[in-house]
Every structure is written in C-alpha cells, then in structure tokens.
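Contents: one structure, followed by commentary.
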Amino acid sequence: MTAEEQAEQTERESLANLASWAQKWFTEQLNETGEGKSVGLGYLRQRGFGDATLTDFAIGYCPDTPWGEDGALAKAAAKAGYQEKWLLSSGLCKKREDGTLYDFYRGRVMFPIRDVTGRFIGFGSRTLKTDKKVPKYVNSPESPLYDKSRALYGIHLARNAIVKADRAILVEGYTDVMAMRQAGVENVVASSGTALTVEQVRLLRRFSKNITMQIGRAHV
C-alpha cells in the first residue's frame, strides 16, 4: 500500500475501535444511569420497544451534559485512551473556541449503525428535546469508516431473512426497522433518511433482486 492508503487504513481501524467502545458506553448510559433510564429508556418504552429489540440494535443514550461542562463521553474516552483527533473525526465530539471538547450527541438516544458484517461504523441519534431549532435526527459525518451512501440500517440482522424471503423491505428510519422486526418482519432495512443510492441497491442485490419500498412510517 502507498503511505496514503496505509494512513487511511489506520484511520478506519482507529475509528472502528472507537465506535465499538462508544456503543458500549452509550448502552451503559441508557441502562445503568438514572438519566438514561428515566429519559432515554422512558422514551423507548413509550414507543413500545422491549429489551430484546433494544439489545438486538444495541441502542444507547448520550447524557445531556450542560454546555459549560466537559462532555461526559469526551472525558470517558480520554480516560480510556482514545485520541482527541479520532473523537473529532468520528463526530462524537466537537471543539469549543477555548479548545475544550463537548459531546455532539448530548441528550440523544443513540442508534448504532453497522455494516453487513455487524461492525459498528457510525451512529444515528434522536433528540428528546422539544426545541424546534434542534434537528430531530443527526448522523455521524462521512469518514473513511462511515459512508452513508453505502450503509443500510439493520442490514447485518436482515440479510439472512432477505435471502430466505427473496425480498428486502426498505423503510425510512431507525425506529421503523426496529418496530417491524419486533412485529416479526425481519427482512427490513432503512436508508437512514437518505435518498436510495446505487451503492445501497448493489448491497441489497447481493441478497435479493426484489425490493419493496415502504411509503409512510411504520413507527414514529
């Protein structure tokens, strides 16, 4: 490999390691902290999701750290030995003007995004605030690890069911996939709010040539 290719491979590996660690941390915050249980888990229960579904999709929560304080994830990641540059390039943290880091996803339910093998490559998130100025959903930025045009939410769980049914059902959002799988429909994936791309079609075509696209939402 060229030096540039080696650098990109190192970045992919570092981002993948960080994403795997962050997923575990987010899940711990959801299930083992007072804020996670009352706010994050409370929202998910209200939407009807059970433990098995939350486990299957590795759902988590990012604490709503006050703006003036260091991010809870930023501090935990530094303690675990993860470099600041990977926290920034992954989109998990942003830098203030004074150089300190804050958690980009604070106060949000976290939806880990995985590739077809099940490796964690990025995150989607939903705010639980009512402020209309705050985007309801935000995703990880593009990186050597995460390319949203090539990613399909839930593909690692759905691929065998797609082969068996010889059909993929394509929906819009994370909770649509979760709700349908919980209802017993397993050959379902989501484009995560992006327009369907050629790369996503090629990925689905590896498992079936038949695609049904859902109009409307299965779950809000």
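The values are calculated or read from the model by the stated rules, or taken from the named source; none is laboratory data. A quick note: this is a predicted structure, and the numbers were derived from the prediction, not measured. Don't worry about glycine lacking a Cβ; one is built from the backbone with ideal geometry, like all the others, and counts go over all protein chains shown. With ligands, DNA and RNA removed, areas are computed over all heavy atoms of the protein, side chains included. Shrake-Rupley method; radii C 1.70, N 1.55, O 1.52, S 1.80 Å.
One table, with the values for the structure above:
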read-out: Exposed-loop-free span, longest in the chain, where trypsin sites (Lys or Arg not before Pro) count as exposed if DSSP calls them loop and at most 14 other C-beta atoms lie within 10 Å; value: 137-205
read-out: Tilt relative to the chain, helix 155-165 - C-alpha long axis, 0 to 90 degrees, to 10; value: 0
read-out: Contact order relative to length of the chain, as percent, for alpha carbon pairs under 8 angstrom and 6 or more apart; value: 17
read-out: Furthest towards positive pole of dipole, Thr2, Gly36, Leu152, structure part the chain, Cβ charges; value: Leu152
read-out: Percent carbon-and-sulfur accessible area, the chain, ignoring ligands, DNA and RNA, probe 1.4 Å; value: 49
read-out: Number of Lys pairs (Cα under 28 Å; 8 or more positions apart or on different chains) in the stretch 60-191; value: 28
read-out: For the stretch 99-220: relative contact order, % (alpha-carbon pairs under 8 angstrom, 6 or more apart); value: 23
read-out: Crossing angle, helix 3-32 versus the chain [Cα axis fit, 0-90 degrees, rounded to tens]; value: 90
read-out: FRET efficiency, Lys85 to Val163 (Cβ-Cβ, R0 35 Å, nearest 0.05); value: 0.30
read-out: Label-point gap, in nm, between Leu196 and Asn210 - each point 7 angstrom along Cα→Cβ; value: 1.5
read-out: Antiparallel bridge percentage (DSSP; both residues within the chain; nearest 5); value: 75
read-out: Cut-off under 5 Å, modelled amide H: who pairs with Gly107 long-range; value: Cys62, Asp64, Thr65
read-out: The stretch 87-220: C-alpha gyration tensor shape, a/c 1.5 cut-off, then a/b vs b/c; value: prolate
read-out: Proximal charge balance of Asp64 [Cβ under 10 Å; K/R count +1, D/E count -1]; value: +1
read-out: Pairwise label distance in nanometres, Thr2 with Arg150, each label 7 Å out on the Cα-Cβ vector; value: 1.7
read-out: In nm, spacing of pseudo-spin labels at Lys133 and Ser20 (7 Å Cα→C-beta vector); value: 4.1
read-out: Interchain or long-range residues, amide H under 5 Å from Ala168's placed H; value: Asn210, Ile211, Thr212
read-out: Cα gyration tensor shape of the stretch 2-76, rounded if a/c is under 1.5, else prolate or oblate by comparing a/b with b/c; value: oblate
